[in-house]
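Notes to accompany the following structure.
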Amino acid sequence: MSVVFTLPHSFTNLRTIILDNVCLDDFDITKIHHLPALSAIHLNSTRIGDEAIHHLISLKYQLEELFIDNNARITDHCVPSLCLMFNLKVLHFYGTNISMPGLRKLCKSIKDSNRSVLLDVPSECNQYLTHLHEQYQLYPVAPLIIDPAAVSSLSVNALKANLAGHAQFNPSIYLSGSRPELVNRLRGILARREGDLVVKEVLKEVRSRSEESTEGSDSEEDSEEFGGSDI
């Protein structure tokens, strides 16, 4: 990347950089991470990795849009840095190696901070979310429990009953083992379910707002067309 971005008092009003399909090193990001007005960065198909995302933390209060699609070296390891970008409104990371554990962590951060971020996630994550009903019982009813913190208080029979409820939807769930093994297994299922539902909630809310925004734009266009007629 050109050193022109590092010249003193240069590009102080630059708001958007598009570097799609430019082969970059992670360290190249240090040449733009100081720009004071930068709010949108397009880095699709640039071969960057997790370290590049870490370099963007200096923009965490100003960056609103980040596009990092189709970069296989971007993984769950960069998610803590993404969580620190408090002002993000759009984040696309389709075609990366961010997986469901990373997506759960990211969406929990978004929900906990009461933010709305338009996400475009990897196809593997979308496929997993589409088939949640094959992972566990999505909406257990009493006497089955849903709180991972309550698992340790269950008897062995109750643990097995809860696991059996989930095994009806996912036959790979084992019902045998010592009590500690049963506790860990059920707690893991419920914690994963809890995180998955947060992901679905965040994605659904953002998509709903996006659709409302699109409908609003269409209505404004219709109004403008109507207002311009000779009725």
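The values are calculated or read from the model by the stated rules, or taken from the named source; none is laboratory data. This one's a predicted model, so the numbers in the text were calculated from it and none came from an experiment. Glycine also receives a Cβ, built like all others from the backbone with ideal geometry; neighbour counts cover every protein chain displayed.
Looking at VAL199, VAL141, just one residue is touching a residue at least 24 places away in the same chain (Cβ under 8 Å), among the aliphatic types (A, V, I, L, M) and on the phi < 0 side of the Ramachandran plot, and that residue is VAL199. Taking the stretch 114-151 as the range and being β-branched (Val, Ile, Thr), surrounded by 15 or more Cβ atoms within 10 Å (Cβ to Cβ) and outside the structural domain of PHE67 (by TED's automatic domain parsing) as the test, the residues that pass are ILE145, ILE146, VAL151. Restricting the search to helices (runs of 4 or more DSSP H) fully inside the stretch 1-117 and requiring at least 3 residues that are out of contact with any Ser or Thr (no Cβ under 9 Å at 6 or more places or on another chain) and under 26 Å from GLN127 (Cβ atoms) gives 100-112. Taking the conditions exactly as written (on the phi < 0 side of the Ramachandran plot, crowded, with 18+ Cβ neighbours inside 10 Å and free of Cβ contacts under 8 Å to residues at least 60 places away in the same chain), does PHE93 satisfy them or not? For PHE93, the condition - on the phi < 0 side of the Ramachandran plot, crowded, with 18+ Cβ neighbours inside 10 Å and free of Cβ contacts under 8 Å to residues at least 60 places away in the same chain - is met. Tell me, yes or no, whether the stretch 152-168 has at least one residue that is under 18 Å from GLU194 (Cβ atoms), in a loop (DSSP other than H, G, I, E, B) and not assigned by TED's automatic domain parsing to the domain that holds GLU64. Yes, the stretch 152-168 contains a residue that is under 18 Å from GLU194 (Cβ atoms), in a loop (DSSP other than H, G, I, E, B) and not assigned by TED's automatic domain parsing to the domain that holds GLU64.
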